[in-house]
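Have a look at the structure below, then the notes.
The values are calculated or read from the model by the stated rules, or taken from the named source; none is laboratory data. Bear in mind that the values here come from a model prediction, so they are computed numbers and not experimental data. Cβ: placed from backbone, ideal geometry, glycine included. Neighbour counts: every protein chain shown. Heads up: the accessible areas ignore ligands, DNA and RNA and are worked out on the full protein's heavy atoms, side chains in. Shrake-Rupley method; radii C 1.70, N 1.55, O 1.52, S 1.80 Å.
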Amino acid sequence: MEKFRDLIVNDIASAKLVIVGLPYDGGCSCGKGAALAPDMLRELSGFLPPYTMDGKSIESFKIYDYGNIYCEESFHIGIEEEIKKVFDLNKFPLFIGGDHSVSIPIQKVFIDKVKACGKTPVIIHIDAHPDICDFYDESYFSHACPIMRAIENGYDTKNINLIGIRGFEKQEVDYFKKHPEINVYLSSEINNKGFEYIIKELKDKYNDSKYAIYLSYDIDANDPSFAPGTGTPEAFGLNSFKLMNFIKNIISDLNILAMDIVEISPPLDCNNITSWLALKTMYEVFDILNKKFVK
């Protein structure tokens, strides 16, 4: 069956979004398998009609599949040139991991591109974990390190926003004590108060075209009851429907220019629940982007 049926095009000029697979899980410290996610999502997409969950057609939203960028063990060194080619297409890029370490080179290319345009780079990081370790599992390029590498690459700590956090390493707790300007939104707070206060704070701060935002979505931000197929599940997570609406809300109103979805592990999944969650969320995002592009 055709992947992304009725949405995929072979002519990139007619596409509004480019999908890029990064089948790499060499930075994963726990349950592996995320390298299989890009192709699994493509396979399942053939069964998904081009409609939102409310029955609205998204058939006019055309996407181009760039294929996979294959990462060697030292992917962080050589992969940036290929990622630059993706950004140079001047389409909205959606990267499918892979473990969260794939965000490191993408965010490096993103900040270079954004600063060249005179804009201020911002990261919204949706995750059960802060991923702000300096060194983890004998690596500076672990999936526990992308936010620390982003800061080293020039992102201002006050423009780092971590959503859904509930699993910490000691080095991360210590770092937050030294850097209270980092915006950490705990899962416990969100589950008690809802997303509305976060949406307001993000819009009050970033609803200006001078900001260019990178949205990184680790599927383990969802409670494991919604997303069991991930390598590092954390209890007491977020409701998938509410999180999806949060993602739609900020994409609708903020200048989000690139996105990734990471840490989906098909071998650890049950009946592809987690892959289907990612796909259905992607289709809701397609609808929101379609509305933005026709304004």
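Brief remarks on what is shown
- Residue count for the stretch 163-185 satisfying the condition of being touching a strand residue (DSSP E or B) at 6+ places or on another chain (Cβ under 8 Å) and open to solvent by less than 50 Å² (accessible area, probe 1.4 Å): 9.
- Residue within the stretch 24-37 that is open to solvent by less than 20 Å² (accessible area, probe 1.4 Å), more than 27 Å from residue 113 (Cβ to Cβ) and modelled with pLDDT of 95 or more present: yes
- A count restricted to the stretch 198-219 and to residues that are closer than 14 Å to residue 247 by Cα and either in a helix (DSSP H, G or I) or basic (Lys, Arg) (or both) stands at 6.
- If only residues of the stretch 79-103 that are of a type in the set (Lys, Arg) and in contact (Cβ under 8 Å) with a residue 12 or more places away in the chain are counted, the one that is least open to solvent (accessible area, probe 1.4 Å) is 91.
- Tally of residues being open to solvent by 20 Å² or more (accessible area, probe 1.4 Å), among the aromatic types (Phe, Trp, Tyr) and not in a strand (DSSP E or B) across the stretch 133-162: 3
- When every residue of the stretch 157-175 is checked against the conditions, none turns out to be on the phi < 0 side of the Ramachandran plot, touching a Lys or Arg at 6+ places or on another chain (Cβ under 8 Å) and not basic (Lys, Arg).
- Scope the stretch 64-78; condition open to solvent by 50 Å² or more (accessible area, probe 1.4 Å) and modelled with pLDDT under 95; matching residues: 70, 72, 73, 74, 77, 78
- Residue among 4, 61 that is under 21 Å from the mean Cα position of the chain (by Cα), on the phi > 0 side of the Ramachandran plot and part of a loop (DSSP other than H, G, I, E, B): 4
- Inside the stretch 104-132, residues that are among the polar types (S, T, N, Q) and either within 21 Å of residue 263 (Cβ to Cβ) or surrounded by 24 or more Cβ atoms within 10 Å (Cβ to Cβ) (or both) make up a count of 1.
- Once the stretch 1-15 is narrowed to residues that are touching a Lys or Arg at 6+ places or on another chain (Cβ under 6 Å) and open to solvent by 50 Å² or more (accessible area, probe 1.4 Å), the residue that is nearest to residue 272 (Cα to Cα) is 3.
- Considered as a group, the residues in the stretch 40-63 that are exposed (fewer than 14 other Cβ atoms within 10 Å of the Cβ) and hydrophobic (A, V, I, L, M, F, W, C) include one that is nearest to residue 265 (Cα to Cα), and that residue is 47.
Table: residues versus (1) without any contact (Cβ under 8 Å) to a residue 24 or more places away in the chain; (2) of a type outside the set (A, V, I, L, M, F, W, C); (3) more than 23 Å from residue 132 (Cβ to Cβ).
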residue	(1), (2), (3)
157	no, yes, no
181	no, yes, no
224	yes, yes, no
250	no, no, no
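- Any hit, the stretch 254-272, residues being touching a Leu at 6+ places or on another chain (Cβ under 9 Å), outside any strand (DSSP E or B) and over 23 Å from residue 101 (Cα atoms): yes
- Looking across the stretch 163-189, the residues that are in a loop (DSSP other than H, G, I, E, B) and out of contact with any helix residue (DSSP H, G or I) (no Cβ under 6 Å at 6 or more places or on another chain) come down to 167, 168, 169, 180.
- When 268, 254 are screened for being on the phi < 0 side of the Ramachandran plot, of a type outside the set (D, E, K, R) and out of contact with any helix residue (DSSP H, G or I) (no Cβ under 6 Å at 6 or more places or on another chain), only 268 passes.
- Set 287, 269: member being over 23 Å from residue 147 (Cβ atoms), open to solvent by less than 20 Å² (accessible area, probe 1.4 Å), at pLDDT 95 or above and not β-branched (Val, Ile, Thr): 287
- Test for residue 209: is it within 24 Å of residue 106 (Cα to Cα) and open to solvent by 60 Å² or more (accessible area, probe 1.4 Å): yes
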